[in-house]
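None of the figures in this text is laboratory data; all of them are computed from the coordinates on show. All of these numbers come straight from a predicted model, not from anything done at the bench. Virtual Cβ from ideal backbone geometry, glycine too; neighbours counted across all protein chains shown.
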Amino acid sequence: MKIEQKKLETFLSKIEMGKSHQIRECVFDFEEKGLKICATDSPKQVRISGILKSVVFTEFEQIGKLGIDNLQEFISVIKRFKGEISLKHESNLLTLKGSGKEVEVTLADLNFISTDTSEPALEFIDTFELPEGKIQDIFSDVGLNSDSVISIQTEPKKLLISNTGKYKFKHALDAPMCKGGALSKFGEPLVGGLERLSGKLEISMGTQYPLKALEKTDDSIITVIVAPRANEE
């Protein structure tokens with residue numbers, strides 16, 4: 001298989017997520033549609049699934065499932081290359097070649113990696129869109145505080161996002177698709193789960209209910225489900 005290094009790095013960095021909710025171990029599933037990954041963070045507060053489309057690869061093979069026991073280290077290896085890289089799987093090794101060098105990565109036994117590929121059945125009150133870069137702007141405001149609670153509320157054709165802390169920001173956004181009536185509060189897992197998603201987001205939510213964020217780009221489709229903050233009225 002062959003792919004541009006930056007495209008693979010970008011996808012894997014989104015799957016890794018940020019801060020204390022980073023994914024450590026996962027399974028790379030090279031299936032018909034592309035590279036599919038489903039994983040949940042250790043605290044079981046954020047679930048992420050994504051597919052890097054097969055058309056992104058200049059050469060693609062359905063080689064099946066590969067066990068990765070340290071995603072952070074694997075991304076660090078990817079960063080050591082530039083331009084197009086090739087990937088070849090043999091036995092328990094994945095060999096990467098490019099830029100006049102190669103590296104052999106020892107794969108983990110799939111039996112020792114816990115995965116759940118089924119997406120939970122959720123029903124939402126409202127769905128809305130956030131433009132590219134907006135979620136990062138909101139998180140930058142929230143980040144001026146420590147341990148903030150982020151409230152997301154929908155009204156008819158309007159979205160309200162606010163946070164607790166010393167610096168209480170409020171964002172009021174047009175949301176033509178919203179009928180109103182949803183209100184959920186989130187903590188740091190929301191930031192960790194969404195901060196690396198750089199495209200336009202479609203977000204679905206309810207009242208004190210998991211939030212679902214969907215990012216679709218030309219290269220990938222990524223879904224993140226975040227649990228609400230516990231014990232919030």
Furthest towards positive pole of dipole, F30, I63, I203, structure part the chain, Cβ charges: I203
Environment charge at K157 (Cβ cut-off 13 Å; Lys +1, Arg +1, Asp -1, Glu -1): -2
Cα-centre dipole for the chain with unit charges at Cβ (Lys and Arg positive, Asp and Glu negative), debye to 20: 540
Computed [θ] at 222 nm, deg cm²/dmol, the chain (DSSP H ≥ 4; -39,500 (n - 2.57); rounded to nearest 500): -4500 deg cm²/dmol
Charge context of I75, other residues only, Cβ under 14 angstrom, K/R +1, D/E -1: +2
Binned Cα-Cα distances of region 126-226, short to long, each 5 Å bin given as a whole percent: 3, 13, 24, 27, 21, 9, 2, 0
Summed side-chain charge close to K216 - residues other than K216 whose Cβ falls under 14 Å, Lys, Arg +1, Asp, Glu -1: -1
K2 versus S146: modelled label distance in nm, points set 7 Å from Cα along the beta carbon direction: 5.2
Mean Cα-pair separation over length for region 126-226, i.e. relative contact order, pairs under 8 Å, 6 or more apart, %: 28
DSSP beta bridges in the chain [antiparallel fraction, %, rounded to 5]: 100
Between region 206-223 and region 160-195, the alpha-carbon center distance in angstrom: 15
Straight-distance crosslink candidates among lysines, where the alpha carbon sits under 19 Å from K97 and sequence neighbours closer than 8 are dropped: K2, K6, K7, K79, K82, K88
Tilt relative to the chain, helix 5-16 - C-alpha long axis, 0 to 90 degrees, to 10: 50
DSSP beta bridge pairing in region 126-226, given as percent antiparallel to the nearest 5: 100
Contact order relative to length of the chain, as percent, for alpha carbon pairs under 8 angstrom and 6 or more apart: 21
Theoretical gain in end-to-end length, K134 to K65 [0.36 nm per residue, Cα-Cα removed]: 21.4 nm
Simple spin-label estimate for T95 and A230 in nanometres, 7 Å along Cα-Cβ: 4.8
Among (1) 7, 29, 35, 23, 6, 0; (2) 8, 31, 32, 19, 10, 1; (3) 7, 26, 26, 19, 15, 6, 1, the entry that matches P(r) over Cα pairs in 10 Å bins from 0, in percent as calculated here: (2)
